[in-house]
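Read the figures in this text as sums done on the coordinates, not as results from a lab. The shown structure was predicted, so the numbers you read here are calculated from the model rather than taken from an experiment. Here the Cβ positions follow ideal geometry from the backbone for every residue, glycine too, while neighbour counts run over all protein chains shown.
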């Protein structure tokens, strides 16, 4: 999976098709991602005095399959595929449409 936490993506399939958001979590084993404001699910929580939980209905983003999202090109803002190029000893993520290198938040 070439998309990472913090990438801005566009949902291309499902009930939230056409919406975009930032990836908050990635599950590499299940090949799923969580996106802020996309695929919102409701959880009914019981009151818990030990954990200072008031209880009630809580809304949180659910995960969707990583194949249903496309990275948005930082320069053009259009959806694009990703490739990988080696630059010296490091590997870099490169967009296919504009051939620009995507900078990681960690670097």
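How much FRET efficiency would the formula 1/(1 + (r/R0)^6) give for residue 86 and residue 53, where r is the Cβ-Cβ distance and R0 is 35 Å, rounded to 0.05?
0.10
Rounded to whole Å and ordered largest first, report the semi-axes of the equivalent ellipsoid of region 8-102 derived from its Cα gyration tensor (root of 5λ).
Working: eigenvalues 234, 51, 23 Å².
That gives 34, 16, 11 Å for the three semi-axes.
Taking every DSSP beta bridge that has both residues in region 8-102, what percent is antiparallel when rounded to the nearest 5?
Numbers: 30 of 30 bridges.
About 100 percent, rounded to the nearest 5.
Can you list the residues of region 51-84 with backbone N under 19 Å from a point 7 Å past the Cα of residue 45, pointing along Cα to Cβ?
Counting backbone N atoms under 19 Å from the label point, the list is 51-63.
By count of other Cβ within 10 Å, fewest leading, how are 71, 28, 45 ordered?
Arranged by neighbour count, lowest to highest, 71, 28, 45 become 28, 45, 71.
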